[in-house]
Each structure stands twice: as C-alpha cells, then as structure tokens.
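Colleague: Handing you this structure, nothing more for now.
The values are calculated or read from the model by the stated rules, or taken from the named source; none is laboratory data. Just so we're clear, the structure is a prediction, and the values are computed from it rather than from any experiment. With ideal geometry, Cβ positions are generated from the backbone for all residues, glycine too; neighbour counts draw on all protein chains shown. Surface accessibility is based on the protein's heavy atoms, side chains included, excluding ligands, DNA and RNA. Shrake-Rupley method; radii C 1.70, N 1.55, O 1.52, S 1.80 Å.
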Amino acid sequence: VQLAESGGGLVQAGGSLRLSCAGSGRSFGAYTVGWFRQVPGQEREFVAVITWNSDTDYAAAVKGRFTISRDNAENTVYLQMDSLKPEDTAVYYCATHAIPLLGISTTLADFDSWGQGTRVTVSS
C-alpha cells in the first residue's frame with residue numbers, strides 16, 4: 001500500500017490541524033492504521049491508532065486532544081489535533097499494519113508501509 005500524508009503546517013499553541021493519510025493499493029480498509037511522530041534526534045513515537053473496525057487508542061500525551069478516524073470509502077485516515085502544544089511539533093507519519101484484520105497495535109515494528117511524513121510546527 002502507498003500512503004500520503006497531508007495537512008501539516010504552522011499553527012499557534014491552542015490551535016488545531018487535521019492531518020490526512022490517503023492510502024492506495026491493497027485493501028486499505030482492512031488494515032490497522034497508525035499515526036506516529038518524530039522530532040529530529042529522537043525516536044519515532046506512537047501517537048494514535050485505528051483498527052479496520054474503528055477501535056482506537058492514543059498515546060497518553062495526546063489523549064483527549066487528538067482524534068483519529070477513518071473513511072474507508074475514501075481510503076483515508078484522519079488525525080484531528082486540537083489544543084496543540086509546542087511539544088506536539090514533529091514530523092507526523094502514518095503507517096499501515098503488516099497484517100490485515102488485526103486489532104490495536106502501538107508498536108512501530110508491526111507497521112510495514114509508511115508515508116513520507118508531514119511537518120507540524122506549533123509556536124508558543
């Protein structure tokens with residue numbers, strides 16, 4: 001599957017952004033999709049995940065502020081980010097799990113297809 005993220009940009013603290021992850025190729029709707037983020041010099045970290053049947057999970061740092069959703073008809077997964085903080089600044093990546101029809105996973109190694117990333121910058 002090929003993935004393409006969009007929607008990043010510069011926003012002030014307290015603002016909102018919605019990221020999109022458009023998938024093509026294999027049956028996108030059958031796969032768990034995760035959002036991860038990476039700050040230069042740091043490891044890529046889990047942000048949010050949504051399963052093929054729309055179960056969700058979030059990192060503690062974003063729970064209550066970010067919402068992941070999917071539109072399988074459009075082959076797209078969204079990450080609505082509200083109440084943004086400067087510490088949310090990172091490059092955000094979406095990825096699909098290697099195996100279809102599985103449940104929640106927050107482990108990077110379980111995801112085998114990655115997009116190119118979209119940069120989010122939150123100013124204070």
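Colleague: Sort out which residues of the stretch 38-54 are under 18 Å from residue 80 (Cα atoms), over 8 Å from the mean Cα position of the chain (by Cα) and open to solvent by less than 70 Å² (accessible area, probe 1.4 Å), and write them in order of number.
Modeller: 38, 46, 50, 51, 54
Colleague: While we're here: Can you find, within the stretch 92-124, the residue that is nearest to residue 81 (Cα to Cα) among those that are surrounded by 14 or more Cβ atoms within 10 Å (Cβ to Cβ) and small (Gly, Ala, Ser)?
Modeller: For the stretch 92-124, the residue satisfying everything is 117.
Colleague: For the stretch 62-91, which residues satisfy the criterion of being assigned to a loop (DSSP other than H, G, I, E, B) and open to solvent by 60 Å² or more (accessible area, probe 1.4 Å)?
Modeller: Of everything in the stretch 62-91, those that are assigned to a loop (DSSP other than H, G, I, E, B) and open to solvent by 60 Å² or more (accessible area, probe 1.4 Å) turn out to be 63, 64, 83, 85.
Colleague: Also, quick follow-up: Which condition number in (1) among the aliphatic types (A, V, I, L, M); (2) in a helix (DSSP H, G or I); (3) touching a residue at least 40 places away in the same chain (Cβ under 8 Å) is the one that residue 47 fails?
Modeller: (2)
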